[in-house]
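Q: Before I ask anything, let me first share the structure, which is written out below as structure tokens.
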Amino acid sequence: MSRFTFRTIVFFTLLSLLLTSCSVLDLVQQSIPSAEEAPAPVEPAPEEPEPVEPVPSEPDSAPHSEAAETPPPAAVAEAQVITPENAILLKEIAQVQIENPYRLLWSQDGKRIGILARGGLSLLDSSTLETLSTVVVQEPITVLDFSPTTGLMATTSDQMNLDLRETNTGQIVRTIAPENGFIDAVFSSDGSLVAISSWDEIAVTLWNVDSGEQIKKLTGFETAAPVYNATFSSDDRYLIWVARGSTQVMDVSSGAMGAFLGHEDFIGDAELAPNGHLLAVTTAGTVDGQSKPIIQLWDQTSGQALGTLVEGTSITQSLAFSPDGKLLVVTIFNELSIWEVDSHTRLLSLAGHTDLVNSIAFSPDGRTLVSSSADGTVRLWQAQ
């Protein structure tokens, strides 16, 4: 599911998590030590480009990943940058089994893929699909976000303190404690900042990950509804605010707000194109007198509607622009639908998943598309 759909669910379920008893966060590579025992020594992870051998998981642990029989990307022809002209050549080139995945994250160098799943997270080598690390989480501890670039994850057990942990040791490197409780926390794409959505006001505070210091407080989102979350654009220049059926884009540096964009129904996902102006929003709207799932395109600065794409029978769970902004990929239940942005033309659909596709993401170089599904697989797609 998309960040917004999942976090909408998390927003309500976190209230109940505050009442649950404390539990444990276990690492497959190494358990996080309790207060009564000293941490076991940890071998430092080898630096790239040395390959990291995958660590086998315990039986019935989650999430568990293993390479499928399809060959890894290195074993096939060199991938092309995916464009409207060669999108028809897209095909699945590899997959792994991951239990209950719901969000995908590429490292900035494109060498690693972070996979958030219910019960934990996995970090994979994007070329070999080998597992570099696996983390298992038990309630009430929740993984709010993960940065494949820095290897840090943001966790909380009480919505009052945000713990930044190293995934290869489980150690807390620092704890951020905002003045009041918070709803959500997300890393910038380079992992240098974490944005924390406040619980008791329509505001987001930005914190420096290295120092743990608050940099600024951002306000101005025009909504009376609870803020479900605010996420960074791919270049970290903007924050995309979402609350129920409304969204607004903010320039992080200046604090200037784009146009207020209201919709008839709840928002499934919202993604800003690389040009910083085109915003794609999945929701439902009236088309030819009937309410239908749509992808609404906006100029987020002026508020002008730029087009409506009608697709599928349910609200799209996830969106992804290609790095050059020429393609928009949307999830239609168990398929991926590829659209050319300028012409508003659907080019093709990719089949292979057998259940709901809940997250999609392009690699930074635009040569690989990755998708995750409730069928328990993460799949790579390339144009060859």
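The values are calculated or read from the model by the stated rules, or taken from the named source; none is laboratory data. Fair warning: this is a prediction, and the values are worked out from it, not measured in the lab. As a convention, Cβ positions derive from the backbone with ideal geometry for all residues, glycine included, and neighbour counts pool all protein chains shown. Surface accessibility is based on the protein's heavy atoms, side chains included, excluding ligands, DNA and RNA. Shrake-Rupley method; radii C 1.70, N 1.55, O 1.52, S 1.80 Å.
Q: Quick check on Glu264: is it under 26 Å from Asn358 (Cβ atoms), open to solvent by 20 Å² or more (accessible area, probe 1.4 Å) and not in a loop (DSSP other than H, G, I, E, B)?
A: no
Q: Can you find a residue that is assigned to a loop (DSSP other than H, G, I, E, B) and over 16 Å from Gly268 (Cα atoms) anywhere in the range 314-322?
A: yes
Q: Please go through the range 242-257 and pick out each residue that is out of contact with any Ser or Thr (no Cβ under 6 Å at 6 or more places or on another chain) and open to solvent by less than 10 Å² (accessible area, probe 1.4 Å).
A: Val242, Thr247, Gln248, Val249, Met250
Q: If you scan the range 289-307, which residues turn out to be in a strand (DSSP E or B), modelled with pLDDT of 95 or more, open to solvent by 40 Å² or more (accessible area, probe 1.4 Å) and farther than 18 Å from Pro274 by Cβ?
A: Ala305
Q: Another question, if that's okay. Might you check whether a residue that is surrounded by fewer than 21 Cβ atoms within 10 Å (Cβ to Cβ) and of a type in the set (Val, Ile, Thr) occurs anywhere in the range 115-122?
A: no
Q: Could you please let me know if Gly170 is at pLDDT 90 or above, in contact with a Ser or Thr (Cβ under 9 Å, 6 or more places away or on another chain) and either surrounded by 19 or more Cβ atoms within 10 Å (Cβ to Cβ) or in a strand (DSSP E or B) (or both)?
A: no
Q: Considering (1) closer than 30 Å to Thr301 by Cα; (2) part of a loop (DSSP other than H, G, I, E, B), say which one Glu179 fails and leave the rest.
A: That leaves (1) as the condition not met.
Q: What are the residues in the range 203-217 that are in contact with a Ser or Thr (Cβ under 8 Å, 6 or more places away or on another chain) and over 14 Å from Pro178 (Cα atoms), if any?
A: Asp210
Q: Among what's in the range 365-384 and is under 15 Å from Val329 (Cβ atoms) and in a loop (DSSP other than H, G, I, E, B), pick the residue that is most open to solvent (accessible area, probe 1.4 Å).
A: If we take residues in the range 365-384 being under 15 Å from Val329 (Cβ atoms) and in a loop (DSSP other than H, G, I, E, B), then Arg367 is most open to solvent (accessible area, probe 1.4 Å).
Q: I'm trying to understand the selection: among the residues of the range 308-318, which are crowded, with 22+ Cβ neighbours inside 10 Å and not small (Gly, Ala, Ser)?
A: Thr316, Gln317
Q: Any idea which of Asp190, Asp184 is in a loop (DSSP other than H, G, I, E, B) and either at pLDDT below 95 or touching a Pro at 6+ places or on another chain (Cβ under 6 Å) (or both)?
A: Asp190
Q: I'd like the full set of residues that are assigned to a loop (DSSP other than H, G, I, E, B), touching a residue at least 60 places away in the same chain (Cβ under 8 Å) and not small (Gly, Ala, Ser), limited to the range 340-364.
A: Val341, Leu356, Pro364
Q: Please work out which residue is nearest to Arg103 (Cα to Cα), limiting yourself to the range 135-167 and to residues that are small (Gly, Ala, Ser) and surrounded by 19 or more Cβ atoms within 10 Å (Cβ to Cβ).
A: Step by step, filter the range 135-167, then rank; the result is Ser147.
Q: Give the number of residues within the range 273-283 that are open to solvent by 10 Å² or more (accessible area, probe 1.4 Å) and free of Cβ contacts under 8 Å to residues at least 60 places away in the same chain.
A: 3
Q: While we're on this one: How many residues, within the range 333-364, are crowded, with 19+ Cβ neighbours inside 10 Å and over 16 Å from Gln95 (Cβ atoms)?
A: Number satisfying all stated conditions: 5.
Q: So, Ser192, is that one open to solvent by 20 Å² or more (accessible area, probe 1.4 Å) and under 25 Å from Ser363 (Cβ atoms) or not?
A: When the stated conditions are applied, Ser192 passes them.
Results for (1) in a loop (DSSP other than H, G, I, E, B); (2) under 25 Å from Ser234 (Cα atoms); (3) touching a helix residue (DSSP H, G or I) at 6+ places or on another chain (Cβ under 6 Å), shown as yes or no for each residue.
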{"site": "Ser127", "(1), (2), (3)": "yes, yes, yes"}
{"site": "Leu132", "(1), (2), (3)": "no, yes, no"}
{"site": "Val136", "(1), (2), (3)": "no, no, no"}
{"site": "Pro140", "(1), (2), (3)": "yes, no, yes"}
{"site": "Phe146", "(1), (2), (3)": "no, yes, no"}
{"site": "Ala154", "(1), (2), (3)": "no, yes, no"}
{"site": "Asp158", "(1), (2), (3)": "yes, no, no"}
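Q: With the structure loaded, tell me whether Ser126 is closer than 15 Å to Val378 by Cα, open to solvent by less than 30 Å² (accessible area, probe 1.4 Å) and not aliphatic (A, V, I, L, M) or whether it fails that test.
A: Considered against the rule, which asks whether it is closer than 15 Å to Val378 by Cα, open to solvent by less than 30 Å² (accessible area, probe 1.4 Å) and not aliphatic (A, V, I, L, M), Ser126 comes out as yes.
Q: Based on what the data block shows, is Ala305 over 25 Å from Gly114 (Cβ atoms) and free of Cβ contacts under 8 Å to residues at least 24 places away in the same chain?
A: yes
Q: I'd like the residue in the range 206-229 that is β-branched (Val, Ile, Thr) and in a strand (DSSP E or B) and, out of all such residues, is most open to solvent (accessible area, probe 1.4 Å).
A: Among them, the one singled out is Ile215.
Q: Looking at (1) surrounded by fewer than 17 Cβ atoms within 10 Å (Cβ to Cβ); (2) over 24 Å from Ser373 (Cα atoms); (3) touching a residue at least 12 places away in the same chain (Cβ under 8 Å), which one does Gln108 not meet, given that it meets all the others?
A: For Gln108, the exception is condition (2).
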